[in-house]
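Read the structure below first, then the notes.
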Ligand SMILES: Nc1nc2c(ncn2[C@@H]2O[C@H](COP(=O)(O)OP(=O)(O)OP(=O)(O)O)[C@@H](O)[C@H]2O)c(=O)[nH]1
């Protein structure tokens, strides 16, 4: 079945048919607390410079900044949605990829429902390290979902001699 985007730009969830039956039923009963719908915590981890902050800014603000500013410790954004008429908040925690900040960030991982492990599509090592990120922090698991997201942050040529990867990949 082809899946359209579940959430529109104005943050209204319009494809209620995509919701699980538990969520739909809870929304109809206006009893979303029982399925933890009102607030969810997402943590984005991954190596330095792979595009974690860019990914979050694109999702939350629909912007892209070419200038690199390393995340210091952790940062977070809150996105508010409506799902089947019920207000819903998504806390998105942006962590620093630098080794020296790892211990700070780990304190914020607890209670996350979703972990996104980000990597640079042009650097296979950053993909290999995604497993390490989860193994280093057993407190990250178990979570309800784990997603791998690739970006082209490094802008390395994909094939020798070809131009750099375009800014939108
Ligand atoms: N071309 C291209 N550049 C990207 C992409 N995503 C991120 N960048 C660039 O890559 C650099 C690093 O991006 P960030 O989002 O700051 O990376 P980060 O993983 O949050 O870095 P840390 O905070 O140090 O862990 C920035 O200069 C971005 O503009 C992408 O998909 N394509």
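Measuring from label point to label point, each 7 Å out along Cα→Cβ, what is the residue 124 to residue 63 span in nm? If labels sit at residue 124 and residue 63, their model points lie 3.7 nm apart. Counted residue by residue at 0.36 nm each, then reduced by the alpha carbon distance between them, the extension gain from residue 38 to residue 77 reaches 12.5 nm.
Bear in mind these aren't lab numbers, they're just calculated from the coordinates by the rules spelled out. Just so it is clear, the structure is predicted and the values come from calculations on it, not from any experiment. Neighbour counts run over all protein chains shown; Cβ positions are idealised from the backbone, glycine included.
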